[in-house]
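The values are calculated or read from the model by the stated rules, or taken from the named source; none is laboratory data. Everything numeric here is computed off the predicted structure, so don't read it as measured data. Reconstructed Cβ throughout: ideal geometry from the backbone, glycine too, with neighbour counts over all protein chains shown. Accessible surface areas use protein heavy atoms only, side chains included; no ligands, DNA or RNA. Shrake-Rupley method; radii C 1.70, N 1.55, O 1.52, S 1.80 Å.
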Amino acid sequence: MSFRNAKQIRLHDLKPSPDHFRAEVLSGLRKWQKELPCKYFYDERGSYLFECICNLDEYYIPRTETAIMKAYIEEIAEALGPNVLLIEYGSGNSTKTRILLDHLRELAAYVPIDISREQLLHVANELASAYSGLEVLPVCADYTSALKLPVLRRPTRRRVVYFAGSTIGNFEPGPAKQLLECIAGVCGPGGGLLIGVDLKKDPSVLHRAYNDRQGVTAAFNLNLLERMNCELRGDFQVDSFEHYAFYNPRDGRVEMHLVSLRDQTAQLDDVTIPFVKGESIWTESSYKFNLDEFQQMAATAGFEVEHIWMDEQQWFSVMYLVNRGETTS
Ligand code: AVJ
């Protein structure tokens, strides 16, 4: 399906259907350790709350990543080269993308891919008017499923996937490798991957980042229950669940959960889901990497690290990898 809005931006709409949402929710809530896919955080309110998180002092990722991009943008532009087709996974509000769009030479086109349709259309329109002459081709999709790129006006020299914010950390190791393989397929041999990767650090810094004082992260987590109430005819008692986030050093990840504060049941349409007091729904993992851990994982998908840029504290990295077509196992 595709449609044009007033400003003539054509949206390729592959957004997951309500039935798909329902099926994924039910299968997650039937597991022994209940879980929900974190991609469903990003409805309109969730995307808004995530932007609020990005402005919190405690949540160091966006400002650190932006500072790295700004400090090294000349080197980054040099590494990517001219006449690139830039494909962004999980484009969100595209703030960091603007740094790239300002500096890449003879950029061929920009394809933002995001699951949040409202935000995607809004941002695509803004960028299309801010960068006249740039072909902007938004795709509303869950980029973990097979995805066909829209047809471009101009030929390009290289495809580069931009995957910011350390969203790769939201995937378990197996699916993360699969996603990198899928990205290797999308950018093709000789194509590139510019990726933001959050690094292992003092757990207290991580703890603060996912337990902010204002409770924005808690609201973001709990919004998933509200979304299910609205879209799946649920009756979750949102105030009977509590945000719980911690760093798990054994697995190198921050885990977010929603903990049931009492024995209770929740309805999702005609399905009843029981909870005992203290039981949790696991809503997100956010893996943190060492440089060589990430390098090895990327190598299994055929990517070779060409550049690593970091902040002074070495909290975050931006890496440029090239698809060499040779995979390790
Ligand atoms: C943007 C998905 C990488 O995992 O740090 C922020 C999402 N979750 N606070 C992250 C998030 C809680 C964020 N990602």
Seminar exercise, completed: If every Lys and Arg gets +1 and every Asp and Glu gets -1 at its Cβ, then about the Cα centre the chain yields a dipole, in debye to the nearest 20, of 720
Problem set entry | Angstrom value of the Kirkwood radius, inverse mean 1/r, which spans all Cα pairs in segment 122-177 | 14.1
Problem set entry | Convex hull volume per residue for segment 69-126, taking Cα atoms only, in Å³ | 73
Problem set entry | Cα lying deepest toward the dipole's positive end in the chain, options 205, 190, 217, charges on Cβ | 190
Problem set entry | Estimated distance in nm for a label pair at residue 239 and residue 172, the labels positioned 7 Å out from Cα along Cα-to-Cβ | 3.5
Problem set entry | Scattering profile of segment 125-217 at q = 0.11, 0.15, 0.24 Å⁻¹ [log10 I(q)/I(0), Debye over alpha-carbon scatterers] | -0.49, -0.83, -1.35
For this session: Compare the Cα positions of 309, 120, 73 along the charge dipole of the chain (+1 at Cβ of Lys, Arg; -1 at Cβ of Asp, Glu; about the Cα centre) and return the one farthest towards the positive end.
Result: 120
Seminar exercise, completed: Across 291, 194, 85, the residue with the highest GNM fluctuation in the chain (Cα network, 10 Å cutoff) is 291
Exercise. What is the gain in length, in nm to one decimal, between residue 312 and residue 226 on full extension, counting 0.36 nm per residue of separation less the C-alpha to C-alpha distance?
Worked result: 27.0 nm
Exercise. For segment 55-121, what is the accessible area per residue in Å² when the probe is 1.4 Å?
Worked result: 37
For this session: Report the normalised scattering of segment 175-262 as log10 I(q)/I(0) at q = 0.15, 0.16, 0.22, 0.26 Å⁻¹, calculated by the Debye formula with identical scatterers on the alpha carbons.
Result: -0.81, -0.86, -1.03, -1.18
Problem set entry | Farthest toward positive dipole pole in the chain [+1 Lys/Arg, -1 Asp/Glu at C-beta], among 99, 141, 163 | 141
Problem set entry | Contour minus Cα-Cα distance for residue 20 and residue 78 (0.36 nm per residue) | 16.7 nm
For this session: Any of 31/177; 15/200; 31/96 with alpha carbons more than 29 Å apart? Name them for me.
Result: 15/200; 31/96
Exercise. Carbon and sulfur together cover what percent of the accessible area of the chain at a 1.4 Å probe radius?
Worked result: 49
Exercise. How far is helix 291-300 tilted, in degrees, relative to the longest principal axis of the Cα atoms in the chain, given as a value from 0 to 90 rounded to the nearest 10?
Worked result: 80
For this session: Determine the per residue accessible area of segment 267-311 with all protein chains present and a 1.4 angstrom probe, expressed in square angstrom.
Result: 43
For this session: Output the direction-averaged projected area (hull surface divided by four) of the convex hull of the alpha-carbon atoms of the chain, in nm².
Result: 16.6
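Can you give the FRET efficiency for residue 30 and residue 51, using 1/(1 + (r/R0)^6), R0 = 45 Å, r = Cβ-Cβ distance, to the nearest 0.05?
E between residue 30 and residue 51, to the nearest 0.05, is 0.90.
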For this session: Can you tell me the dipole magnitude for segment 210-274 around its Cα centre, using point charges on the Cβ only (Lys, Arg +1; Asp, Glu -1), in Debye to the nearest 20?
Result: 280
Problem set entry | the chain: relative contact order in percent, alpha carbon pairs under 8 Å with at least 6 residues between | 20
For this session: Determine which residues of segment 172-190 fall in the zone a paramagnetic label at residue 304 would reach in this model, i.e. backbone nitrogen under 12 Å from the point 7 Å along Cα→Cβ.
Result: 190
For this session: In a Gaussian network model over the chain where Cα atoms closer than 10 Å are linked, find which of 297, 256, 69 has the largest mean-square fluctuation.
Result: 297
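Quote the charge dipole size of segment 274-329 about the Cα centre in Debye, to the nearest 20; the model charges only the Cβ of Lys and Arg (+1) and of Asp and Glu (-1).
On the way: 3 positive and 9 negative charges, 49 e Å.
Rounded to the nearest 20 debye, it is 240 debye.
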Exercise. When all alpha-carbon pairs of segment 1-116 are counted, what percent fall beyond 21 Å?
Worked result: 56
Exercise. Using 0.36 nm per residue, how much length does the chain from residue 102 to residue 126 gain when fully extended, once their Cα-Cα distance is taken away?
Worked result: 7.2 nm
